[in-house]
Amino acid sequence: MPVILGIESSCDETSASVCVDGEILSNVIANQTIHEAYGGVVPELASRVHQQNIVPAVQQALLNAKVNKNDIDAVAFTRGPGLLGSLLVGVSFAKAFALAKNLPLIDINHMQAHILAHFIGDHKPTFPFLCLTVSGGHTQIVLVKDHFDMEIIGQTLDDAAGEAMDKTSKILGLPYPGGPLIDKHARSGNPDAYKFPEPQIPGYNFSFSGVKTAILYFIRDNVAKNPNFIQENLSDICASVEKRIATILLNKLKRAAEEYGIKDIALAGGVSANTGLREGLTHLCAEKGWNCFIPKFEYCTDNAAMIAIAGYYKYLKGEFVGQDVAPLARMPFG
Ligand code: KG4
Ligand code: ZN
């Protein structure tokens, strides 16, 4: 019954989780509100807040799981990709804890962990499956052949889907992070009110910079004609933007699933919390007879439960790293 402590600190969430024999017993997430005033994550502030939050988050995770720190068998941590200063806090904590308790260390790739969040609970996909991983920094279609054998078959050539959501919300004057607010306003809007272009990118790759510019010009031109355009049409704008981003993502995913002949289709990453995208994928899978895997909300955005579950599978393989391990701002799948 391996007991794994998971640590996540790649961006602006400080999180700790305890996983016992493949079951998540706690998942504590400390969000950082300080960035709201700046309209985006300020890396230096993020690292400072991680330093304040990391020890209380771990203490709370142990308390919630009713696990004593002496019962932990291994420490899993996000090694990358992410903000280097933020990663450094989690990596340093994990190394110090492992050194003090003489425990093995397990390094985890954050993007792989988003996908492995699907192995929390009973409804697990079967290999090989396809996963659309959409976050603030990444947009990928991943062919998942095994827990740690993953191939990126398509990715964005410029902005990530979450970035497109966040930048649109900024143009609309909404506070950071904008994705959840676009989602909220979209619920009462008409998704067909405005049409934005669908980029024609070969293969399974994506591009969001053209859509972002089209949205920017559309809003600028309309505000020039009517200064209250945004306030009067916020819900319709959000619903139309959300629909376009979701259809760009789902059209590529659909093609990939058809061409690879894969029937288990998963969604992962922060943008998988988006209602329009979740409903769109559910609908697509029902229509095609595919098995749909959508994470619970708490496992969509950054969390340590996904790090702990990924750590559990690496623990079973006996894959550990030494005390000389360093964080990686950019980290390939391995
Ligand atoms: O995976 P994540 O928590 O952090 C990264 O690894 O980037 O993803 C954060 C992204 C942000 O761009 C945020 O706006 C977006 O996920 N997001 C959403 C929603 N919740 C979070 N986008 C649309 N709708 C949501 N409900
Ligand atoms: Zn993430």
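Taken together, the values in this text are just the output of simple stated rules run on the coordinates, not laboratory data. This structure is a prediction, so every number in the text was calculated from the model and none was measured. Here the Cβ is made from the backbone with ideal geometry for all residues, glycine too, and neighbour counts use every protein chain on show.
Numerical summary
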read-out: Nearest-ten-degree value, helix 275-288 long axis tilted from longest Cα axis of the chain; value: 90 degrees
read-out: Partnerless Cys - the chain, beta-carbon criterion under 4.7 Å; value: 11, 19, 131, 238, 300
read-out: Taking the chain and dividing mean pair separation by its residue count, relative contact order in percent (alpha carbons under 8 Å, at least six apart); value: 25 percent
read-out: Label-to-label distance, nm, for residues given as residue 201 and residue 23 (7 Å Cα→Cβ offset); value: 4.2 nm
read-out: The stretch 181-334 - Debye-derived log10 I(q)/I(0), Cα point model, q = 0.08, 0.18 Å⁻¹; value: -0.34, -1.20
read-out: Gain in span if fully extended, residue 287 to residue 184, counting 0.36 nm per residue against the direct Cα distance; value: 34.5 nm
read-out: Links that overshoot a 31 Å alpha carbon limit, given the list 184/252; 145/288; 212/317; 124/167; 124/288; value: 212/317; 124/167
read-out: Between the stretch 281-319 and the stretch 205-262, the Cα center-to-center distance that results, in Å; value: 26 Å
read-out: Sorted largest first, extent of the stretch 164-222 alpha carbons per principal axis (Å); value: 33, 24, 19
read-out: Most positive-pole-ward Cα, 233, 308, 246, against dipole of the chain from beta carbon charges; value: 233
read-out: Overall dimensions of the stretch 96-243 by Cα: Rg and Dmax, Å; value: 19.5, 67
read-out: Mean separation of Cα contacts under 8 Å, 6 or more apart, over the residue count of the stretch 1-127: relative contact order %; value: 28 percent
read-out: Hydrodynamic radius (Kirkwood) for the chain, which is based on Cα pairs only, to one decimal in Å; value: 20.4 Å
read-out: Segment residue 279-residue 224, extension gain: residue separation times 0.36 nm, minus the distance between their alpha carbons; value: 16.4 nm
read-out: Whole-Å distance, taken between Cα centres, linking the stretch 38-74 and the stretch 107-137; value: 22 Å
read-out: Contact order normalised by residue count of the stretch 52-181, Cα under 8 Å, 6+ apart, percent; value: 14 percent
read-out: Burial ranking of peptide ranges 25-31, 196-202 (average Cβ count within 10 Å, highest at the top); value: 25-31, 196-202
read-out: Charge dipole (debye, nearest 20) of the chain; +1 at Cβ of Lys and Arg, -1 at Cβ of Asp and Glu; value: 200 debye
